[in-house]
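Please treat every number below as a calculation from the coordinates, not as lab data. These figures come from a predicted structure and were not determined experimentally. Virtual Cβ from ideal backbone geometry, glycine too; neighbours counted across all protein chains shown.
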Amino acid sequence: MDLRLWRTLPFPIRLRWARLRAILGRHRRLRRLCVVGIICVMTLSWNGARVHHRNAAAAWETTINVVVVDSAHEPGEPFGDVRTRLVAWPTTLAPADALEVLPSDVGVVRRPLRPGDVLTERDLGDTTSDNADQRMIGVPRDDTMLGLAIGDLADVIVIDDPWGLDPTSSVLDPPATIVAIDDDAITLAVSPDHAEAIAIGLVAGHVGLAGR
């Protein structure tokens, strides 16, 4: 060990090291056991690192086919207008609900799509519902709106006169689709009737969201 480095060590450490060297110098068998132990520990560490590296490389090399969007679209647009392609995607990076086959020409877009996005089951809606004619409306975000993500369905709870003596509430059906989340607001895709009900609720009462 370098003498300058040795002098920088605290005195108790230097004292214990000197005692250990003295003991190992007097007991040859103990010295050999220590050397063998150090070699075993280093070998196990090296093998563990190799296994971890091999597993990580195998995970990156494993791919699945996912549907990737090639064009930009907004909620409510027919899915038939969306250009897509199949792409081999690293399994570890693919969303759990990623579509692995090209969907048929049905449904509407439920959240903003940008080129390069991986298409998931939550991104498509049913044309048989009112989702084909959607409106975007923002709801103030508060501490009760937890665990929400873009593309999720959420029940919209409109509370009339929340500070009065007899407040009433109603849940809009069907649920809304979350299309954007900002620091102070959450943007929803809803039918025109629900957009009107939410706007009235924001003025005259309170609007809350409950994730599904």
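Here are the numbers for this structure:
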quantity	calculated
Cβ-derived FRET efficiency at R0 30 Å, ASP166 paired with ARG141, nearest 0.05	0.65
Estimated inter-spin distance, ILE200 and ALA185, nm [label 7 Å along Cα→Cβ]	2.2
Net lengthening on full extension, TRP46/THR8 (0.36 nm per residue, minus Cα-Cα)	10.6 nm
Where only C-alpha atoms are counted, convex hull volume of the range 134-211 per residue in Å³	81
Residues with amide H under 5 Å from that of LEU124, placed H, sequence gap 5 or more	ARG110
